[in-house]
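A.B. asks: Right, I'll just put the structure down here and ask away after.
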Amino acid sequence: MRCSSARPPSRSRSRTRATSSSPRRRSWCWSAKGRARDNRGDLPRAAQNGSRSGARDPFSYGVVGSIAGGLPRARELLARHWGYPRFRVPQLRVLGPLLAGRNVLTVLPTGAGKSLCYQVPALMGNALTLVVSPLISLMQDQVGALRRRGVAAAYLNSALPREARRAVLEATLAGQVRLLYCAPERLGSLVGALRRAGIRPALLAVDEAHCITEWGNEFRPVYRQLGRWRYLLGDPPTLALTGSATPHTRADILHVLRIPQADVVVTSFDRPNLRFAVERVKDNRTRFARLRELIRGAGGAVVIYAPTRRLVELVTRALLRRSVGAAPYHAGLTAAVRRRVLDAFLGDRVAVVVATTAFGMGIDKPDVRRVLHWGPARTLEGYYQEAGRAGRDGGPAGCWVLWRPEDFGFGEHAAAMRRYVEAWRCRRRMLLEYFGERLDGCSGCDVCG
């Protein structure tokens, strides 16, 4: 089986892409003999140690791993592999207890560098780091970025054919993988294989941990079993990460993962560069006209969230008829189409994407200037996640909700979301209070100016 090659995106590009099983974009492809190869046909650099003599990779996979070396070693690895001279203060607050072997739940805002909090420690231990990740796109791009930095990483999810999944597992059991990303649905079989091989991960990371509460009850019930899988893995040190979680959600994460004594690191939810606004409209014609005005004045990329696939398509077509370069993005499109749309958006060939919540986690375009909602989101927590796509570069950006009372007749909306759009109160204050934070002064909303 021949490995295809693709030019790696530049470092300024997003770390994440749309869901796809296309082998051209995979960070791993596989020879006919089932050995793991990168997209240039070579084994991971870390897996080449001792390969001439047929010796096993020096990761001590049969014994309990440890996170050793402390912050000096972590800074050295950060500079060597990522080129950053130092960690940010919130990252240091996470790394301190984590490197000491304690469990940590961290809530860091979008763009704060959460992934480095487990990627760097993964290079400090002498065993596997296992990362539970909810989206194929997140896994693919993070693994690709790690491989380009010389880190032996791989992923297991439904996008890989059976032969490729077997090859990843064999490489992992042979000690050729330092960071393994896994979808929650694949954990059962993976945990069994690791236990039979006597492998206890040095670190378990649960990325986008708020999915335990948001998705675990109905959409993906396997999330509620993460504590059991963690127990079967030998209770390794665990890092749960999320960009938004209320006190209730944090308590639920700790309960499900069975880490009640974990250190909880929560930074401010305030994004001073974002301006929040809510506008009530009398009908959809007025809403669309206002949408066009906001797009024209954006001065950069725009993301529009609509509640249904049908609305996504209708709004996109209406914009195209008025010569606005827009593209749709939702789960009803094929993986190849979603990838083309995302690549065009990240490459500045499409300025506007109209999307459902499928265009949420894993989209990392730093210069989105406006996030517009066609109606209220289902929950205030979900709204904050989606609005957080704006202004990741630190520049000024705006977040609007255009709504009418009839919107609440379609689907269920949380009481906090209704209050957010109906009340005439500081939008920023309502958002921060929802997450249990007090606000000293508003840096910009439609109520405060």
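A.B. asks: With the condition being closer than 30 Å to Glu437 by Cα, I'd like the helices (runs of 4 or more DSSP H) fully within the range 134-249 carrying at least 2 qualifying residues. Walk me through how you get there before you give the answer.
C.D. replies: Values: elements: 136-148, 162-173, 187-196, 211-214, 226-232.
Where helices (runs of 4 or more DSSP H) fall fully within the range 134-249 and carry at least 2 residues being closer than 30 Å to Glu437 by Cα, they are 211-214, 226-232.
A.B. asks: Filter the range 258-275 down to the residues that are of a type in the set (A, V, I, L, M) and closer than 16 Å to Cys117 by Cβ and list them by number.
C.D. replies: In the first step, residues of the range 258-275 are kept if they are of a type in the set (A, V, I, L, M); the result is 259, 262, 264-266, 274.
Of everything in the range 258-275, those that are of a type in the set (A, V, I, L, M) and closer than 16 Å to Cys117 by Cβ turn out to be Ile259, Ala262, Val264, Val265, Val266.
A.B. asks: Six or more apart or on different chains, Cβ under 6 Å: which pairs go from a residue in the range 215-226 that's crowded, with 16+ Cβ neighbours inside 10 Å to one that's among the basic types (Lys, Arg) and at pLDDT 85 or above? Could you list them?
C.D. replies: Gly216/Arg224
A.B. asks: Okay, moving on. Looking at the range 316-335, which of the residues that are surrounded by 15 or more Cβ atoms within 10 Å (Cβ to Cβ) and hydroxyl-bearing (Ser, Thr, Tyr) is farthest from Phe288 (Cα to Cα)?
C.D. replies: The residue in question is Tyr329.
A.B. asks: In addition: Here are Leu194, Leu179, Leu187, Leu203: which of them is under 18 Å from the mean Cα position of the chain (by Cα), assigned by TED's automatic domain parsing to the domain that holds Val132 and surrounded by 21 or more Cβ atoms within 10 Å (Cβ to Cβ)? Show your work before the answer.
C.D. replies: On the way: Leu194 fails: under 18 Å from the mean Cα position of the chain (by Cα); Leu187 fails: under 18 Å from the mean Cα position of the chain (by Cα); Leu203 fails: under 18 Å from the mean Cα position of the chain (by Cα).
Only one candidate qualifies: Leu179.
A.B. asks: Considering the range 99-121 alone, what residues qualify as being more than 20 Å from the chain's Cα centre (by Cα) and in a helix (DSSP H, G or I)?
C.D. replies: Leu99
A.B. asks: Consider the range 69-111. How many of its residues are within 19 Å of Phe269 (Cβ to Cβ) and surrounded by 18 or more Cβ atoms within 10 Å (Cβ to Cβ)?
C.D. replies: Result for the range 69-111: 10.
A.B. asks: In the range 122-160, how many are over 16 Å from the mean Cα position of the chain (by Cα), more than 21 Å from Leu226 (Cβ to Cβ) and of a type in the set (S, T, N, Q)?
C.D. replies: 1
A.B. asks: What are the residues in the range 313-327 that are more than 21 Å from Phe410 (Cβ to Cβ) and either hydroxyl-bearing (Ser, Thr, Tyr) or in a loop (DSSP other than H, G, I, E, B) (or both), if any?
C.D. replies: Correct list: Arg322, Ser323, Val324, Gly325.
A.B. asks: I'm trying to understand the selection: among the residues of the range 300-312, which are in contact with a Phe, Trp or Tyr (Cβ under 8 Å, 6 or more places away or on another chain) and either in a helix (DSSP H, G or I) or surrounded by fewer than 18 Cβ atoms within 10 Å (Cβ to Cβ) (or both)? Can you show your working first?
C.D. replies: Within the range 300-312, the subset in contact with a Phe, Trp or Tyr (Cβ under 8 Å, 6 or more places away or on another chain) is 301, 303-308, 311-312.
Thr308, Leu311, Val312 - these are the residues of the range 300-312 that are in contact with a Phe, Trp or Tyr (Cβ under 8 Å, 6 or more places away or on another chain) and either in a helix (DSSP H, G or I) or surrounded by fewer than 18 Cβ atoms within 10 Å (Cβ to Cβ) (or both).
A.B. asks: Among the listed residues Gln261, Gln225, identify the single one that is closer than 22 Å to Pro121 by Cα and not hydrophobic (A, V, I, L, M, F, W, C). Walk me through how you get there before you give the answer.
C.D. replies: Working: Gln225 fails: closer than 22 Å to Pro121 by Cα.
Result: Gln261 is the single residue among Gln261, Gln225 that is closer than 22 Å to Pro121 by Cα and not hydrophobic (A, V, I, L, M, F, W, C).
A.B. asks: So, one more: Criterion first (of a type outside the set (Asp, Glu) and in a loop (DSSP other than H, G, I, E, B)) does Gly411 satisfy it? Break it down into steps so the answer makes sense when it comes.
C.D. replies: Working: of a type outside the set (Asp, Glu): yes; in a loop (DSSP other than H, G, I, E, B): yes.
So Gly411 passes the test.
A.B. asks: Now a separate question. Might you let me know whether the range 77-96 holds any residue that is outside any helix (DSSP H, G or I), on the phi > 0 side of the Ramachandran plot and in contact (Cβ under 8 Å) with a residue 12 or more places away in the chain?
C.D. replies: Narrowing the range 77-96 to residues outside any helix (DSSP H, G or I): 83-88.
Add one more test, that the residue is on the phi > 0 side of the Ramachandran plot, and what stays is 83.
Add one more test, that the residue is in contact (Cβ under 8 Å) with a residue 12 or more places away in the chain, and what stays is none.
No: zero hits.
A.B. asks: Continuing with the same structure: Tally the residues that are within 23 Å of the chain's Cα centre (by Cα), surrounded by fewer than 16 Cβ atoms within 10 Å (Cβ to Cβ) and among the charged types (D, E, K, R), restricting the search to the range 254-299.
C.D. replies: The total comes to 1.
A.B. asks: Now a separate question. Quick check on the range 416-449: of everything there that is of a type in the set (Gly, Ala, Ser) and assigned to a loop (DSSP other than H, G, I, E, B), which residue is nearest to Glu406 (Cα to Cα)? Break it down into steps so the answer makes sense when it comes.
C.D. replies: Within the range 416-449, the first condition is being of a type in the set (Gly, Ala, Ser), and the residues that meet it are 416, 423, 436, 441, 443-444, 449.
Applying the additional criterion that residues be assigned to a loop (DSSP other than H, G, I, E, B) yields 423, 436, 441, 443-444, 449.
Values: Ala423: 16, Gly436: 30, Gly441: 33, Ser443: 31, Gly444: 28, Gly449: 27 Å.
Selected residue: Ala423.
A.B. asks: Another one. Restricting attention to the range 352-384, which residues are surrounded by fewer than 22 Cβ atoms within 10 Å (Cβ to Cβ), modelled with pLDDT of 85 or more and over 20 Å from Phe408 (Cα atoms)?
C.D. replies: Result: Pro366, Asp367, Arg369.
A.B. asks: Only one of Gly398, Gly391 is farther than 20 Å from His330 by Cα and at pLDDT below 95; which?
C.D. replies: That would be Gly391, the only listed residue that is farther than 20 Å from His330 by Cα and at pLDDT below 95.
A.B. asks: Restricting attention to the range 388-404, does a residue exist that is part of a helix (DSSP H, G or I), of a type outside the set (Lys, Arg) and surrounded by 15 or more Cβ atoms within 10 Å (Cβ to Cβ)? Give the derivation first.
C.D. replies: Going through the range 388-404, the residues part of a helix (DSSP H, G or I) turn out to be none.
Looking through the range 388-404, none of the residues is part of a helix (DSSP H, G or I), of a type outside the set (Lys, Arg) and surrounded by 15 or more Cβ atoms within 10 Å (Cβ to Cβ).
A.B. asks: Please indicate, with yes or no, whether at least one residue in the range 360-370 is acidic (Asp, Glu), within 18 Å of the chain's Cα centre (by Cα) and part of a loop (DSSP other than H, G, I, E, B).
C.D. replies: Going residue by residue through the range 360-370, those that are acidic (Asp, Glu) are 364, 367.
Going one step further and asking which of them are within 18 Å of the chain's Cα centre (by Cα), we end up with 364, 367.
Cutting the leftovers down to part of a loop (DSSP other than H, G, I, E, B) gives us 364, 367.
Scanning the range 360-370 turns up at least one residue that is acidic (Asp, Glu), within 18 Å of the chain's Cα centre (by Cα) and part of a loop (DSSP other than H, G, I, E, B).
The values are calculated or read from the model by the stated rules, or taken from the named source; none is laboratory data. The structure displayed is predicted, hence computed values, not measured ones. Heads up, the Cβs are rebuilt from the backbone with ideal geometry, glycines too, and the neighbour counts pull from every protein chain shown.
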